[in-house]
Every structure is written in C-alpha cells, then in structure tokens.
Amino acid sequence: MIKAVDVHKHFGSNHVLKGISLEVAAGEVLCVIGPSGSGKSTFLRCVNQLETIDDGAVWVDGELIGYEERDGRLHQLSDARIARQRRPIGMVFQRFNLFPHMTALENVVEGPIRVLRESRDTARTRALELLERVGLADKAGAYPSTLSGGQQQRVAIARALAMRPRLMLFDEPTSALDPELVGDVLAVMRDLAASGMTMVVVTHELGFAKEVANQVVFMDEGRVIETGTPDQVLVNPAHERTKTFLSAVL
Ligand code: ADP
Ligand code: MG
C-alpha cells in the first residue's frame, strides 16, 4: 500500500529526511516511533503530499505520488491530480482540527457531500453509522467546544473515515489528550486496525504499538534506524539509539 524509496526532504539548509525507505503492505499497521524532531511528521506529510519530496519516490497503492511518467521523463502532476491522489488517504493530527462552527455530524458529512458528491441523505446515514462506530452516536448534534479532547479526536477519525480512505495516517493522535481520554481513542484505532484498514501511526504509545502494529520503525535524525516486528524493535532492539530512546520513553 505504501512504498517509499530513499525519500529526502530539506527545509532550507535543514536536511530533515535523509533517505527514508520503507514498505507497508495492505491491511498492515506500521507504528513509527522516535524522538521529537526526527522527521516523523514530515514523512507522513510527504506521503499525503502536504509536503513535496526533494529526492526519492513514494508509491501509494501502486501509484507514484506527485509525478507521472510521460515521454520517458517525470512530470509534476497538476494540483487537481494531486488532490485526487490525496483523497483516499485519511489523516488524523495531534490537534483535532474540527470545524468549530459545525456539529459533529456536520463535520463528518461535509467532505462526502462537497468532495465525493454524495447526497445529503446518504452522507448523513453513513456519518451517523461512523459516529456510532467511534462511540459517539449520542453526540451527533454537539459542537466541538462542548466535547472532550478524546471525543473531538474520535469525531476527527469518523470524519476521515467518511471519505472512504484506503489508508489512514495518524500523527500522534493521543499526544494532546488528558491521560484518561487516551484509551477511548486507542480503542477506536484498534477496531479500525482489526477491520483491515492499512494504517501508519506515529505514536509514543508503546503498549498500543506492541499490541496492534505488524511493523515498528524507529526513526532518528531523519533516518530509519531500525525496523521490525514490535518484539524486535520494542523488546529486543538491536541498536543502541533505539535502546536509549525506549528507556527514556518508558
Ligand atoms: P517529528 O514529527 O519527528 O517531531 P518533524 O517532522 O516535525 O519531526 O520535524 C523534523 C524537522 O523538520 C525539525 O527540525 C523541524 O523543525 C523541521 N520542520 C518541520 N516542518 C518544517 C517546516 N514547515 N519548515 C521548516 N522546518 C520544518
Ligand atoms: Mg511530529
């Protein structure tokens, strides 16, 4: 579902991604861990084309992102084509980014109606199902400001799912939450993984990673230091830097 080959990214003179290569199979959950500033968010943003990459390539579902081959050369895609490539990729951020002037239900139906051109009835029925799936059937009419952080994050997940994604990217989805609200969000993500969704999750929740991930990647300073099963990376890490990071997080 994802294949990244030697991805590089600079911000000015700051070389943030120094050749990231990884693969995620369909239905697999990849958890990405690593210290702050190691390039985890930037990598996710490259996959979702919120950032352009400077070198290397990323394929999503077999399709090269951002470029097409014509006359034996690579040409940058138009904004419309990029928007179409981004559509099947759902993203959930640390901050929930809900529209504050819309109810939970309105937040969830907005994309399907405007972008997918679903009828209001279809979108509404499906949104209610999704809100039920994330445990918020009774909050359809609530405005974000009246919801807890954990509830807002679950609305954000429902909103992403409403776009019928084939791939979900999560960037520290529980980092901004009070500890007692983390469990409900992780439970929704666990269900989603069990349903077969392909997911990339940047997280410091090592318990979640151990339990749900098929693959764990440890990143540091723009590089993949270590990749393997949760047991290999989280329990028996091969690299000193991974050990140091894990002992600091635990
Ligand atoms: P992580 O998510 O692992 O904490 P980030 O991907 O957010 O790391 O950041 C990696 C590096 O890239 C940091 O040094 C950060 O300051 C820099 N960076 C991230 N986004 C930008 C940006 N839009 N402009 C300039 N520098 C950025
Ligand atoms: Mg980050």
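The numbers here are math on the coordinates, done by the rules we state, and not lab data. The model shown is predicted, which means the values in this text are computed figures rather than measured ones. A quick note on method: Cβ atoms are made from the backbone with ideal geometry, for glycine too, and the neighbour counts reach across all protein chains shown.
So here's what we get for this one:
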quantity	calculated
Per-residue ³J(HN,Hα) for the range 184-199, Karplus 6.51 cos²θ - 1.76 cosθ + 1.60, θ = phi - 60°, Hz, x for Gly and Pro	5, 6, 4, 5, 5, 5, 5, 4, 4, 4, 5, 6, x, 5, 7, 9
³J(HN,Hα), Karplus 6.51/-1.76/1.60, whole Hz, each residue of the range 128-141, x for Gly, Pro	5, 4, 5, 5, 5, 4, 9, x, 10, 4, 8, 10, 4, x
Lysine pair number, Cα distance threshold 28 Å (strictly under), the chain, separation 8 or more or different chains	13
Förster radius 41 Å - calculated FRET efficiency between Glu69 and Ala176, Cβ distance, rounded to 0.05	0.50
For the chain, calculated [θ]222 nm from helices alone, where every DSSP H run of n ≥ 4 adds -39500 (n - 2.57)	-10500 deg cm²/dmol
Part-to-part distance (alpha-carbon centres) for the range 169-219 and the range 1-56, which is given in Å	18 Å
Under 5 Å, built H, 5+ apart or other chain: amide partners of Glu51	Cys46
Protection proxy ranking of 173-179, 70-76 - average other beta-carbon atoms within 10 Å, highest first	173-179, 70-76
Interchain or long-range residues, amide H under 5 Å from Glu118's placed H	Ile113
Karplus-derived 3J(HN,Hα), 6.51/-1.76/1.60, for each residue of the range 45-58, Hz, glycine and proline x	5, 5, 4, 8, 6, 7, 10, 8, 9, 8, 7, x, 8, 10
Segments 34-46, 236-248 sorted - mean Cβ within 10 Å per residue, highest first	34-46, 236-248
Fewest-first sequence of Phe208, Phe170 by Cβ atoms within 10 Å of each Cβ	Phe208, Phe170
Global form of the range 98-164, assessed from the alpha-carbon gyration tensor, a/c cut-off 1.5	prolate
For the chain: rounded, prolate or oblate by the Cα gyration tensor [a/c cutoff 1.5]	oblate
Amide H within-cut-off set for Val7, under 5 Å, with H built and near neighbours excluded	Gly19, Ile20, Ser21, Ala57
Förster radius 30 Å - calculated FRET efficiency between Thr244 and Trp59, Cβ distance, rounded to 0.05	0.35
